[in-house]
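**Q** Got a structure for you, written out below as structure tokens; questions coming shortly.
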Amino acid sequence: MPDLIASDGVRLNYLDSGDPAGRPVLLVAGFKAPATSWKPQLKALERAGHRVIALDRRGHGGSDVGPDGSHTMERHGADIADAIAALGVQDATVVGQSQGGNSIWALASAGRTGGIRDIVIVDQTPKMLNTADWPFGFYGYDESTADTLFAAGVPDPGRHSIASKGPVRIARLVAAMDLKAAKAGFTAAELELLNDHARRDWRPAIAAVTVPALFVAGRESDFWPCEHAAAAASLSPLAESAVIEKAGHATNIEQPKAFDDVLLRWLAR
């Protein structure tokens, strides 16, 4: 895969396919997920005439981890902006799944939306902590568990078991994520990033954004109520939402055709 150098000197890998002259779609994967997890979307986007760029965030896939202290949402947002600048991307749709989605809001908060036409967020609540004014956070994550829930990794809320997904969806997850080769456990850098991610509130960024946004949720999301998508969209007059049936947190992988249809309709508007 080709690579680029972020503004702090860290090497970032990316995939680049489709029509080089097509309107670009930049794909940003979630926590611990590589750029190759977007395989279910590549052919559909390429057939629609797009240039498709999938970024390995620092510490993910083939990208370098980066120095201590660089495992923050701000730095991940800056990496996306650096990639857009380095690749000369203009009029791009930036699609972020899970934590990759909130990395886009970190970019927007820093005022670095140059080159971006619109934003698509895939099953990521903008605020993980449940509070009286936001009941759409991570199941079981509130002030009483704020310091402990993500101390050792991502807990399983037990809402939708792997077995409940059925063999087809499980096979899609294994193929897209290469789960057989995935490293078990969490590195210090991953835990640093995860805990920064968990404590953030990106609702002000959504309210202030000046480009359209689409929030997509899986009806059977493993981590939070699917209503987070509509609630997030209600924060901006430029935003819309959609829910994919029979899909969990890895919405684009578990139901690729339904997700691709939603994404392509958004891109064609």
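**Q** Could you give the longest part of the chain that holds none of the GluC sites (Glu not before Pro) found in DSSP loops with at most 15 neighbouring Cβ atoms within 10 Å?
**A** Values: sites that count: Glu143, Glu227, Glu245.
Within the chain, the longest run free of exposed GluC sites (Glu not before Pro) spans 1-142.
**Q** How much of the DSSP beta bridge set in the chain is antiparallel, as a percent to the nearest 5?
**A** Beta bridges within the chain, antiparallel portion: roughly 30 percent.
**Q** Could you work out how much longer the chain between Asp91 and Asp142 gets when fully extended? Use 0.36 nm per residue separation minus the Cα distance between them, nm to one decimal.
**A** 14.5 nm
**Q** Moving on. Among Phe138, Thr93, His60, whose Cα projects farthest towards the positive end of the dipole of the chain, with charges put on the beta-carbon of Lys, Arg (+1) and Asp, Glu (-1)?
**A** Toward the positive end, the furthest listed residue is Thr93.
**Q** Could I ask something else about it? What percentage of the solvent-accessible surface of the chain, computed with a 1.4 Å probe over protein heavy atoms, is contributed by carbon and sulfur atoms?
**A** 56
**Q** Another question about this same structure. In nm, what is the difference between 0.36 nm times the number of residues separating Asp19 and Arg265 and their Cα-Cα distance?
**A** Values: separation 246, 0.36 × 246 = 88.56 nm, distance 1.89 nm.
The span from Asp19 to Arg265 would gain 86.7 nm if fully extended.
**Q** Counting only helical runs of four or more DSSP H residues, what would the 222 nm mean residue ellipticity of the chain come to if each run contributes -39,500 (n - 2.57) and the total is spread over all its residues?
**A** -9000 deg cm²/dmol
**Q** Sticking with this one: What figure, in Å² to the nearest 10, do you get for the accessible area of Ser37 with a 1.4 Å probe and non-protein molecules left out?
**A** Counting only protein heavy atoms, Ser37 exposes about 10 Å² to solvent.
**Q** Of the DSSP beta bridges with both residues in the stretch 1-92, give the percent that are antiparallel, rounding to the nearest 5.
**A** About 60 percent, rounded to the nearest 5.
**Q** Okay, next question. Each residue of the stretch 148-156 in turn: what ³J(HN,Hα) in whole Hz from Karplus with 6.51, -1.76, 1.60 and θ = phi - 60°, glycine and Pro shown as x?
**A** Whole-Hz 3J(HN,Hα) from phi for the stretch 148-156: 10, 4, 10, 4, 10, x, 9, x, 9.
**Q** OK, next. Could you give me the ³J(HN,Hα) list for the stretch 95-101, computed from phi with Karplus coefficients 6.51, -1.76, 1.60 and θ = phi - 60°, whole Hz, x at Gly and Pro?
**A** Each residue's phi maps through the Karplus curve to give 10, x, 9, 6, 4, x, x Hz.
**Q** How much accessible area per residue does the chain have, in Å², with a 1.4 Å probe?
**A** 41
**Q** From the square roots a ≥ b ≥ c of the eigenvalues of the alpha-carbon gyration tensor of the chain, which class results: rounded (a/c under 1.5), prolate (a/b over b/c), or oblate?
**A** The shape class here is rounded.
**Q** While we're on this one: Distance from the Cα centre of the stretch 111-161 to that of the stretch 191-269, in angstrom?
**A** 11
The values are calculated or read from the model by the stated rules, or taken from the named source; none is laboratory data. On a predicted model such as this, the values are computed, not experimentally measured, just so you know. For neighbour counting, all protein chains shown are included, and Cβ atoms are generated from backbone atoms with ideal geometry for every residue, glycine included. Note: accessible area is taken over every heavy atom of the protein model, side chains too, but ligands, DNA and RNA are not part of it. Shrake-Rupley method; radii C 1.70, N 1.55, O 1.52, S 1.80 Å.
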